[in-house]
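The values are calculated or read from the model by the stated rules, or taken from the named source; none is laboratory data. Just so you know, these numbers come straight off a predicted model, no measurement behind them. So basically every Cβ, Gly included, is an ideal-geometry build from the backbone, and we count neighbours across all protein chains shown. Heavy atoms of the whole protein, side chains included, go into the accessibility calculation; ligands, DNA and RNA do not. Shrake-Rupley method; radii C 1.70, N 1.55, O 1.52, S 1.80 Å.
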Amino acid sequence: MSNPDHPPAVGVLDQGPELIFPPGFLWGAATAAYQIEGAATEGGRTPSIWDTFSHTEGRVVAGHTGDVACDHYHRMPSDVRLMAELGLKSYRFSVSWPRVQPGGSGPANTEGLDFYRRLVDELLGHGIEPWLTLYHWDLPQPLEDAGGWPARDTAGRFADYAELVADALGDRVTYWTTLNEPWCSAFLGYGSGVHAPGRSDGADAVRAGHHLMLGHGLAVQALRASRPQAQLGITVNLYPVTPASDAPADVDAARRIDALANRFFLDPVLRGSYPTDLAADLREVTDFGHVRDGDLAVISTPLDLVGVNYYSRHVVAAPVEGAEPEPYWRAPSCWPGSEDVRFVTRGVPVTDMNWEIDAPGLTETLRRVHEEYTDLPLYVTENGSAFVDAVIDGQVDDVDRLAYFDAHLRAAHEAISAGVPLRGYFAWSLMDNFEWAWGYTKRFGMVWVDYDSQARIPKSSARWYAEVIRRNGLAAQ
Ligand code: IFM
């Protein structure tokens, strides 16, 4: 943004030769429907599991809900103008399933689809490439009532919904990701229950993970048939998993968590099989009887790209007698079959989510996906950090977030130098929003949102990112 009153933040762009990204690198920012749209009961939208969950006492901090969120449903044109001012090349958004197919089955809701038609038109009109995610966690409540993701039928419903969205938007949207972070849907939603729908059963979490991937594969087949030109992929959240020491028991703990966090999804989607050690680790939890002949062939239907969300690293160790369980994503119930593994805190700087900042982990993760799994183009579909921000004299100088982005972009560049076909990067998030079980208490945005007035203030990181995009690079250090 070129506002003389708001000079670019002091930082790495001020000196030195530049670290240039490949031509055409897709610089973007991401959001998700329930986190920003609001208008929860407008235009024919019906409840999703997140409406039910957030309206259930004790589930979300301070009883926050996505009823209004960033009011993006009503402010979409000005939000797109803001994206254009930042120079974004692409915008990754998700479609709200219960907005476009109320209840999760039956005909499309034209009014809901019209919102996304207008959004896509606005984006294209500003030269911004739309990147559409079909499922960012807002399962229509009636589908949960019928069994949710642990039920096989949900996979088929998802493919029908994908087709309906493709019919409406497939002529103008090139980039499609099916699921966002299926680990979270399965293991936070059905394992620990800290996310919607708030159920807690290890076997259900594993079944949910399988049916999410089955839905992904079926949706890819449906989209491929109707939109052969589309670029199709999935977004997975990945973590390097490091043993706390070389001790065999710690190394084995890392293997187990890596299987549950990463290989549970990468292997079926990109290799067409479950890791054998995973099945052995989970033998007390499930016999994988829910996996039918032919499922893995569907799940591994060829893709055009892989989206990687990266935030942090897991460092783990063997169990210790009497150790206190850790909260949130470290909760034992997130890790069926590995409940006794300890997550180790190294004492390195953390974000406001208490997630360790580990930029080299991004290089490691991208290299691993490329070197062990696929030659497909990779995109960082999310990367970012929550910090406590403050508006001072109308400005938000988020130096910590800016430094986080800077370090991770250097790590992304290093992966490219090592041969990874990384084609784009999406900052999480365009704007502060509803951070799930944390409500509005955690701010990830490059743009500050005042939830009372709905005013937007681009933070220092946004102005810095605009300059990175303009130069297609960073200054070398
Ligand atoms: O806000 C979430 C997003 O919805 C999915 N990926 C992680 C982000 C930060 O927790």
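Brief remarks follow.
- Of the strands (runs of 3 or more DSSP E) lying entirely inside the range 407-466, those containing at least 1 residues that are charged (D, E, K, R) span 422-428, 456-458.
- Scanning the range 337-352 for residues that are at pLDDT 95 or above and crowded, with 17+ Cβ neighbours inside 10 Å turns up T351, D352.
- Here W137 does not fit the description of being within 16 Å of the ligand (Cβ to nearest atom), under 21 Å from the mean Cα position of the chain (by Cα), modelled with pLDDT of 95 or more and not in a loop (DSSP other than H, G, I, E, B).
- Note on the range 394-453: among residues that are open to solvent by 10 Å² or more (accessible area, probe 1.4 Å) and aliphatic (A, V, I, L, M), the one that is farthest from L366 (Cα to Cα) is A437.
- Candidates E364, E467, filtered to the one that is open to solvent by 20 Å² or more (accessible area, probe 1.4 Å), within 21 Å of E18 (Cβ to Cβ) and more than 16 Å from the ligand (Cβ to nearest atom): E467
- Number of the condition not met by E382 [criteria: (1) open to solvent by less than 40 Å² (accessible area, probe 1.4 Å); (2) more than 14 Å from the ligand (Cβ to nearest atom); (3) in contact with a strand residue (DSSP E or B) (Cβ under 6 Å, 6 or more places away or on another chain)]: (2)
- Residue list for the range 191-207, filter: under 20 Å from W97 (Cβ atoms) and in contact with a Gly (Cβ under 7 Å, 6 or more places away or on another chain): H195, A196, P197, R199
- Residue that is touching a Leu at 6+ places or on another chain (Cβ under 8 Å), farther than 22 Å from S94 by Cβ, modelled with pLDDT of 95 or more and of a type in the set (G, A, S), where the choices are A455, A412, A476: A412
- Residue list for the range 196-216, restricted to those being of a type outside the set (A, V, I, L, M) and open to solvent by 10 Å² or more (accessible area, probe 1.4 Å): P197, G198, R199, S200, D201, G202, D204, R207
- A40 assigned to a loop (DSSP other than H, G, I, E, B), under 27 Å from G156 (Cα atoms) and in contact (Cβ under 8 Å) with a residue 40 or more places away in the chain: no
- When the range 62-99 is filtered for residues that are at positive phi and surrounded by fewer than 22 Cβ atoms within 10 Å (Cβ to Cβ), the ones remaining, listed by number, are A62, G63, D71, G87.
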